[in-house]
1. So which residues in the stretch 168-190 are over 16 Å from the mean Cα position of the chain (by Cα), hydroxyl-bearing (S, T, Y) and modelled with pLDDT of 95 or more?
2. For the stretch 158-186: of the residues being charged (D, E, K, R) and part of a helix (DSSP H, G or I), which is farthest from F16 (Cα to Cα)?
3. Mind listing whichever residues of the stretch 17-44 are within 16 Å of the chain's Cα centre (by Cα) and more than 13 Å from V175 (Cβ to Cβ)?
4. Conditions: (1) closer than 25 Å to P154 by Cα; (2) in contact with a helix residue (DSSP H, G or I) (Cβ under 8 Å, 6 or more places away or on another chain); (3) surrounded by 13 or more Cβ atoms within 10 Å (Cβ to Cβ). A30 meets all but one. Number of the miss?
5. K114 passes all but one of (1) of a type in the set (D, E, K, R); (2) farther than 14 Å from L20 by Cβ; (3) surrounded by fewer than 22 Cβ atoms within 10 Å (Cβ to Cβ); which number fails?
6. For the stretch 143-153, does any single residue satisfy the condition of being farther than 20 Å from V175 by Cβ, surrounded by 15 or more Cβ atoms within 10 Å (Cβ to Cβ) and acidic (D, E)?
7. Would you mind listing the helices (runs of 4 or more DSSP H) fully within the stretch 46-143 where at least 2 residues are at pLDDT 95 or above and touching a strand residue (DSSP E or B) at 6+ places or on another chain (Cβ under 9 Å)?
8. Mind checking whether some residue in the stretch 90-101 is among the polar types (S, T, N, Q), touching a residue at least 12 places away in the same chain (Cβ under 8 Å) and in contact with a Pro (Cβ under 8 Å, 6 or more places away or on another chain)?
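The values are calculated or read from the model by the stated rules, or taken from the named source; none is laboratory data. Since this is a predicted model, take the numbers as computed values, not measurements. No Cβ is skipped: glycine too gets one built from the backbone with ideal geometry, and neighbour counts run over all protein chains shown.
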Amino acid sequence: MAKIAVVVGSTREGSFNRMLGKLAIRALQAQGAAVTDVDLADFDLPLYSAAIEAGAFPADAQRLKEIFAAQDGLLFVSPEYNGSVSPLLKNAIDWASRPTGGESLVALSAYRGKASAIMAASISPFGGLRGLIHLRQILSTIQTLVIPEQVLIPNAHAAFDEDGHLKEALPASLVDLTAARLVAVARALSA
């Protein structure tokens, strides 16, 4: 069974990206994955700084890194902030990338060799595309295999019904397709 963590780069109440993350969780579970829902509000992560890291690696950063390291795949859902990823998500990714326990600087033990997927929901007509371009680059740099499928939900304020489901069949099918591909690739990489 593939183990997949879903990480949403928003903690805002009523976040469209949280809604998309919930749909992704259900789609991954339908593919037989064991899913860990990583709520970044549950982690006290200071803004990454080498000075903080040198003083004492934050306990919640270590906990987050351990959660990521235990997965076969990672699915990131990010709002778009000024054409890039949310600072909350970037900070979490950065902390989990840092070496701990005598690892080399390039160990990337929370990421290396894992499959990853990306999704975004935005009120803009571009659906978070600019942010996902950056997120894909970041995840590739830290040695995850980012699958080509991705999900963009434009005009997110009108895309979800009152139950949190996508109104249109095409984006809903893309969530399912992306989840299926992520699980398949994660299984293959972990075999």
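1. S173 - this is the single residue of the stretch 168-190 that is over 16 Å from the mean Cα position of the chain (by Cα), hydroxyl-bearing (S, T, Y) and modelled with pLDDT of 95 or more.
2. Step one: list which residues in the stretch 158-186 are charged (D, E, K, R), which gives 161-163, 167-168, 176, 181.
Applying the additional criterion that residues be part of a helix (DSSP H, G or I) yields 176, 181.
Numbers: D176: 17, R181: 23 Å.
Among those residues, the one meeting the criterion is R181.
3. Within the stretch 17-44, R18, A33, A34, V35, T36, D37, V38, D39, L40, A41, D42, F43 meet the criteria.
4. (3)
5. Condition (3) is where K114 drops out.
6. no
7. Working: elements: 50-55, 59-69, 87-97, 129-141.
Hits in the stretch 46-143: 59-69, 87-97, 129-141.
8. Step one: list which residues in the stretch 90-101 are among the polar types (S, T, N, Q), which gives 91, 97, 100.
Next, only the ones that are touching a residue at least 12 places away in the same chain (Cβ under 8 Å) stay: 91, 97, 100.
Okay, now just the ones that are also in contact with a Pro (Cβ under 8 Å, 6 or more places away or on another chain), so none.
Checked against the condition, which is being among the polar types (S, T, N, Q), touching a residue at least 12 places away in the same chain (Cβ under 8 Å) and in contact with a Pro (Cβ under 8 Å, 6 or more places away or on another chain), the stretch 90-101 yields no hits at all.
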